[in-house]
Amino acid sequence: QRRVHGDEDFPIDTNTSLLLDTLYQQYLLTVVEKPTIITDFPQAMARVEETTQTARFDIAVMGKRMITCRTLVADDKPRSLMLICTSELAMLLASMSDVQMVSKVLPKEWGQLADYNMENVPDLLDSVMDALNVLWQQVKKKVNNITQKKVVYLMNLVGGDIITYVRNAILDKLRPNLEEANGLEGTMTRGESFRTTERNPDPSDWSNNVFLFESPFADARKVLQQGVTITEKWLKIGDLLSIEHWKDQWKGAPPCT
């Protein structure tokens, strides 16, 4: 808990209340970083007309007041009032949204990753690296509540997208040859097994869905090399950013490992 403005002897007047509220908002922005319960407000900040204020506490998250709870005594009966700051809460949820963060930080082309040719993805990853560098500047300047954890989380999202992309790209490139070899041209859809039903493949086993060793060697080698190039590029970007570009502020092991 943090105790704010513990003096209970402030006079109750509008000017004093407004001044203390302004100072309080500045205090939240500059001091309160973690979710915090704030207690012991001066009387000027806890007053409710025609009642006797007995207690107040606020819940602050990421430098913003989210909830104020006041315990009152009116007509000798205690009651509680709760104020939920809906606008602040909405802004907090928006800042924590994966979709919001990805769309704001990553290049817009990342949203069309599934449509990219494998040869062009390494260049797109360069654009992603530039975007992450821009985001890291906010970590250095300690603005917009951007922390290393958020950057790492975003990089993990990118890594997950890459895994999905490479897997689907391999399926798409090998499917035509495998269908033709098995006499199943035009009958398979993404995610279906290329093996015959007699072989009873396990759908949870990724190898049963790709069949690299049943494909012509030249085709399989090329698509694998492209997949390796993409994944190695992303791993190198993680090392380059955390070990070299961000080394003065980065804490812990490199991401993307």
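Overview of results
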| item | result |
| --- | --- |
| Test result for Ser207, out of contact with any Cys (no Cβ under 6 Å at 6 or more places or on another chain), at pLDDT 90 or above and among the hydroxyl-bearing types (Ser, Thr, Tyr) | no |
| Scan of the range 54-71 for residues that are under 16 Å from Phe41 (Cα atoms) and out of contact with any strand residue (DSSP E or B) (no Cβ under 6 Å at 6 or more places or on another chain), ordered by number | none |
| Residue in the range 154-177 that is in contact with an Asp or Glu (Cβ under 9 Å, 6 or more places away or on another chain), charged (D, E, K, R) and open to solvent by 40 Å² or more (accessible area, probe 1.4 Å) present | yes |
| Of the criteria (1) without any contact (Cβ under 8 Å) to a residue 60 or more places away in the chain; (2) closer than 22 Å to Lys64 by Cβ; (3) within 16 Å of the chain's Cα centre (by Cα); (4) open to solvent by 20 Å² or more (accessible area, probe 1.4 Å), which one Val102 fails | (2) |
| Output for the range 136-153, where each listed residue is surrounded by fewer than 18 Cβ atoms within 10 Å (Cβ to Cβ) and not in a loop (DSSP other than H, G, I, E, B) | Gln137, Gln138, Lys140, Lys141, Gln148, Lys149, Val152, Tyr153 |
| Complete set of residues in the range 225-257 that are buried (at least 18 other Cβ atoms within 10 Å of the Cβ), closer than 16 Å to Val152 by Cα and modelled with pLDDT of 90 or more | Trp234, Ile237, Gly238, Leu241, Ser242, Trp246, Trp250 |
| Identity of the residue in the range 1-59, among the charged types (D, E, K, R) and within 19 Å of Glu88 (Cβ to Cβ), that ends up modelled with the lowest pLDDT | Arg2 |
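The values are calculated or read from the model by the stated rules, or taken from the named source; none is laboratory data. What you are looking at is a predicted structure, and each value in this text was computed from that prediction instead of being measured. All Cβ positions, even for glycine, are placed from backbone atoms using ideal geometry, and neighbour counts span all protein chains on display. We work out accessible area using only protein heavy atoms, side chains counted, and drop any ligands, DNA or RNA first. Shrake-Rupley method; radii C 1.70, N 1.55, O 1.52, S 1.80 Å.
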